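Every read-out reported here was derived from the displayed coordinates using simple, explicitly stated rules and does not represent laboratory data. In this text the structure is predicted, and so the values were computed from the model without any measurement. Every residue, glycine among them, receives a Cβ derived from its backbone with ideal geometry; neighbour counts consider all protein chains shown.
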């Protein structure tokens, strides 16, 4: 599968305007963190913002956490490399937010209120009355979170190094330190409001850059004609992928979206569940606007290379920095580079919080123990996970890209059946849930590891995440059917009530 | 009824997707029908997931959601189908809204059209099909009653000890 994050150095960006905008940006983020810290008094505040978030903040924060730096750097680079095929990673966005709202939002929000839950494994544990299912899903989340965080922290280090010239090592620790500072002090509340600021910045930057991209390319029709003359496949419906591979991405990033904890977890935080009415509209609009840059820069840079205005890129991930530095005003470039840092930090913050909750809450619950002061241990866990991820980012070399690759797939294959289907089907059993989580965990880890070491690779068009997702779904239904005698009595009355609403 | 139908659709489309994946292991790689099967299975499994979440088990028909659901499935499967079936691009081929025909179908059709329909359908049906004030009140009252009952039971157990 294609690496989803920046892993190669960016060209140097050390210009006074870019540095100044980045400094102002970091000061604003730190101020929001300090404000949130004063409002974080309990574990509920730390992990679910005291269930006090408004709809707009929820939607923008979910959008911001979804995108990461990939939307601004890796995505346009991927379009530059494989053409329209790269769009299949984000194409399901027109459906996934409404799907998530119908399948999960209402039930998660009500479960959070009725049971006082604040993690996804909490919901799985409540649905199946199973500590084992809760512990297994917490373990899967923890593994994927550390891998995802390591890749994001590396990407953040690369961006900070490019802007400030700090060197990669300092870039990693500086970026992680800033994110950690507001995450530890202000918990998810700081994360949500920095996400609102960061998401607004991302959307604004994306629209402006898209306008410049169309302008530089001479309009969409001119871009298409230039690209068709240079490479017929590039703007073919699947780009340089096979149809099977492209549609497989649509499946994985479509159905897999129902298992992404950094988005689903935010449903717990909404103040008024009736405000969910507008969630898909706001979230989808914000997401599509923020993805304009993804498509626009990728095709514009390819056009500029095709018509000889730009030398071919040595590294596809240079598409965005090269375009910004050569074809947009420096202030806009500065805004986008801050936007990239923003996108990565908002994703890292969400994962810090989710990982800390798994460590402090879900794993102890699975072992029939409770941590006494979850707020304090939540903060300590956040530091431990972040330091582990930063060390991993710094010392593991190419392994870090490997860790990022399976994050999305692991979330999808371990959480979609047990959580998304389980909350909508009374016939699901705890054995089915446990079997599906284990299937997703084992298949993803086994085949991604074999592929990484070159021992075995799937045939063209088939991805580990796709296979693991469909296998865990079938396992979930198969085992639930075999153990269906246990289904009826295994749901608590309050959970059943929420499933029926 | 509709809920059960959605479940059957979900499982059946997962099986189709698995068959499409399995065909990649055939000698000579995945045959042409595998992409059609995957397109059909993917469009259907996403619709089935939405139906599963949106339609309460007591409902006998999707009601006002029938049109947006059918529209989304047709746009997604139809878009993939047209992209698979139409002839490849040529240098001087027609452009639709500035893009080659098949690219426009994917980007503007699959990528944008559902966005104009689904979020609006969600908002328009929210009060009567997703979560009404009465639903919320009912959940809160029953949950509160269940909690009180659980507390009473726990106290009774304590007293007996």
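Listing for the model above:
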{"read-out": "Burial ranking of peptide ranges B:95-108, A:80-93, A:480-493, A:217-230 (average Cβ count within 10 Å, highest at the top)", "value": "A:80-93, B:95-108, A:217-230, A:480-493"}
{"read-out": "Relative packing of A:185-194, A:417-426, A:46-55, which averages over residues the other C-beta atoms within 10 Å, highest first", "value": "A:185-194, A:417-426, A:46-55"}
{"read-out": "Protection proxy ranking, peptides B:119-126, B:67-74, A:197-204, average beta carbon neighbours within 10 Å, highest first", "value": "A:197-204, B:119-126, B:67-74"}
{"read-out": "Cβ neighbours within 10 Å from other chains - mean over A:424-433", "value": "2"}
{"read-out": "Approximate spin-label separation residue B:157-residue B:70, in nm, with each point projected 7 Å along Cα-to-Cβ", "value": "5.3"}
{"read-out": "Calculated [θ] (222 nm, deg cm²/dmol) that DSSP helices of n ≥ 4 give over chain B, each run adding -39,500 (n - 2.57)", "value": "-23000 deg cm²/dmol"}
{"read-out": "Mean separation of Cα contacts under 8 Å, 6 or more apart, over the residue count of the stretch B:34-148: relative contact order %", "value": "28"}
{"read-out": "Inter-site label distance for residue A:35 and residue B:12 at 7 Å from Cα along Cβ, in nm", "value": "5.3"}
{"read-out": "Tensor-based shape of the stretch B:2-130 (alpha-carbon gyration tensor, a/c under 1.5 rounded, otherwise prolate or oblate)", "value": "oblate"}
{"read-out": "Inter-site label distance for residue B:145 and residue B:96 at 7 Å from Cα along Cβ, in nm", "value": "5.5"}
{"read-out": "Rel. contact order, % - alpha carbon contacts under 8 angstrom, at least six apart, chain A", "value": "31"}
{"read-out": "Residue-averaged 222 nm ellipticity for chain A, from DSSP H runs of 4+ at -39500 (n - 2.57), nearest 500", "value": "-23000 deg cm²/dmol"}
{"read-out": "Peptide A:83-90, shielding by other chains (average Cβ, 10 Å cutoff)", "value": "2"}
{"read-out": "Over the protein assembly as shown: Kirkwood hydrodynamic radius from C-alpha pairwise inverse distances, Å", "value": "24.9"}
{"read-out": "Principal-axis tilt of helix A:55-67 within chain A, Cα atoms, nearest 10 degrees", "value": "70"}
{"read-out": "Cβ-Cβ FRET estimate between residue A:131 and residue B:5, R0 fixed at 30 Å, reported to 0.05", "value": "0.30"}
{"read-out": "Candidates B:15, B:139, B:76, ranked by Gaussian network fluctuation over chain B, Cα under 10 Å, top entry", "value": "B:139"}
{"read-out": "Helix B:32-54 axis, angle to chain B major axis (alpha carbon atoms, nearest 10°)", "value": "30"}
{"read-out": "Residue mean of other protein chain beta carbons inside 10 Å, A:466-477", "value": "4"}
{"read-out": "For the stretch A:418-452 and the stretch B:15-47, distance of Cα centres in Å", "value": "21"}
{"read-out": "Cα-Cα separations in the stretch B:77-161 greater than 23 Å, expressed as whole percent", "value": "59"}
